[in-house]
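Undergrad: One structure coming up, written as structure tokens, with questions to follow.
The values are calculated or read from the model by the stated rules, or taken from the named source; none is laboratory data. A quick note: this is a predicted structure, and the numbers were derived from the prediction, not measured. Methodologically, a virtual Cβ is constructed for each residue, glycine included, from the backbone with ideal geometry; neighbour enumeration extends over all protein chains shown.
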Amino acid sequence: MPVLHWQPRNALLTALPDDVKLHLSTQLERVQMPLGAVLCEPGVPARDVYFPETSVVEIGYAFADGSAAEVALVGSEGVVGVRLLMGAASLNVRASVQSAGAGFRLSAKSMSEEMKRSPELTREILTYVASFIDQIVQTAALNRHGSVEQLVCRLLLQSLDRTEGNELAMTHEAIAEALGVKREGVTEAAGRLRARGAISYRRGHITVLDRRVLEHIAGECYSRNPSGPPQADREIA
């Protein structure tokens, strides 16, 4: 695919010099990423990295009982599987698709070889890694000190930043599992947000009506800076 006609909707890929894009464009495979698809599991050998375009991937710490707690989200701003590029044979997290969409798949081997060839690509990857770590650190701190309502608002905002439009395909149960809290707490928080006109919801879908209310409630629990996706400046209401 000629690079001049290749316009990926992934910020990390878009930021690369044309010659690097040209090398990668011949190896990247466009894939559909359906809701709930598991891209990697802890301890299971992984061979590929993913660059979401319109999909959103939840990175979670997996527990022995099969549940997982969300530690970060990856959308069109980044890449899933960074640890593989640092020489690891597997990932210590579960990566699953939170919002269905499209993206690119590339073998970790090809990506590592391209990083050796291109200092520009290595720099972009390391810059993203730094912001990704910031997101994880913030998540860890706020899971301890934030209220359930604040954490729900933050998750909705982070998901909204990485999704086109203002509707999220998320259930209360999925939010509770991602946050590691009881479903009842999420349902109560969602009820208060609906009463304030911030959201509406029906089974399996949440529509954000007033983003400013969510940002006000989330307070310092939410920042647009860590791993900030290009959609982050979009306003609703």
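Undergrad: Can you tell me which of Ala108, Ala68, Ala72, Ala100 is within 21 Å of Met170 (Cα to Cα) and in contact with a Lys or Arg (Cβ under 7 Å, 6 or more places away or on another chain)?
TA: Ala68
Undergrad: With (1) in a strand (DSSP E or B); (2) at positive phi as the list, and Gly87 as the residue in question, which single condition is left unmet?
TA: Status for Gly87: all satisfied but (1).
Undergrad: Something else about it: Scan the stretch 174-207 residue by residue and report those that are of a type in the set (A, V, I, L, M, F, W, C) and within 18 Å of Asn143 (Cβ to Cβ).
TA: Ala174, Ile175, Ala176, Ala178, Leu179, Val181, Val186, Ala189
Undergrad: Looking only at helices (runs of 4 or more DSSP H) that lie completely in the stretch 93-172, which have at least 3 residues being closer than 21 Å to Gly60 by Cβ?
TA: By residue number, 119-145, 148-161.
Undergrad: Working carefully through the options Ser118, Ser99, Ser112, find the one that is without any contact (Cβ under 8 Å) to a residue 60 or more places away in the chain and touching a helix residue (DSSP H, G or I) at 6+ places or on another chain (Cβ under 9 Å).
TA: One residue alone meets the criteria, Ser112.
Undergrad: Given the conditions (1) at pLDDT 90 or above; (2) surrounded by 15 or more Cβ atoms within 10 Å (Cβ to Cβ); (3) of a type in the set (Lys, Arg), report the number of the one that Arg83 does not fulfil.
TA: Result: Arg83 passes all but (1).
Undergrad: Could you tell me whether the stretch 191-198 includes any residue that is of a type outside the set (Lys, Arg), over 23 Å from Ser96 (Cα atoms) and surrounded by 15 or more Cβ atoms within 10 Å (Cβ to Cβ)?
TA: Within the stretch 191-198, one or more residues are of a type outside the set (Lys, Arg), over 23 Å from Ser96 (Cα atoms) and surrounded by 15 or more Cβ atoms within 10 Å (Cβ to Cβ).
Undergrad: Can you tell me which condition Gly165 does not meet? The list is (1) closer than 20 Å to Ser76 by Cα; (2) surrounded by 21 or more Cβ atoms within 10 Å (Cβ to Cβ); (3) over 15 Å from the mean Cα position of the chain (by Cα), and all the others hold.
TA: With (1) closer than 20 Å to Ser76 by Cα; (2) surrounded by 21 or more Cβ atoms within 10 Å (Cβ to Cβ); (3) over 15 Å from the mean Cα position of the chain (by Cα) applied to Gly165, the lone miss is (2).
Undergrad: What number goes with the only condition from (1) at pLDDT 95 or above; (2) within 17 Å of the chain's Cα centre (by Cα) that Thr139 does not pass?
TA: The one condition Thr139 does not meet is (1).
Undergrad: Do we have Ala190 as in a helix (DSSP H, G or I) and either touching a Gly at 6+ places or on another chain (Cβ under 8 Å) or without any contact (Cβ under 8 Å) to a residue 12 or more places away in the chain (or both) here?
TA: So Ala190 does not fit the description; no.
Undergrad: Return yes when Leu126 is more than 16 Å from the chain's Cα centre (by Cα) and at pLDDT below 90 and no when it is not.
TA: No.
Undergrad: State whether one or more residues within the stretch 24-37 are at pLDDT 90 or above, part of a loop (DSSP other than H, G, I, E, B), under 17 Å from Val97 (Cβ atoms) and in contact with an Asp or Glu (Cβ under 8 Å, 6 or more places away or on another chain).
TA: no
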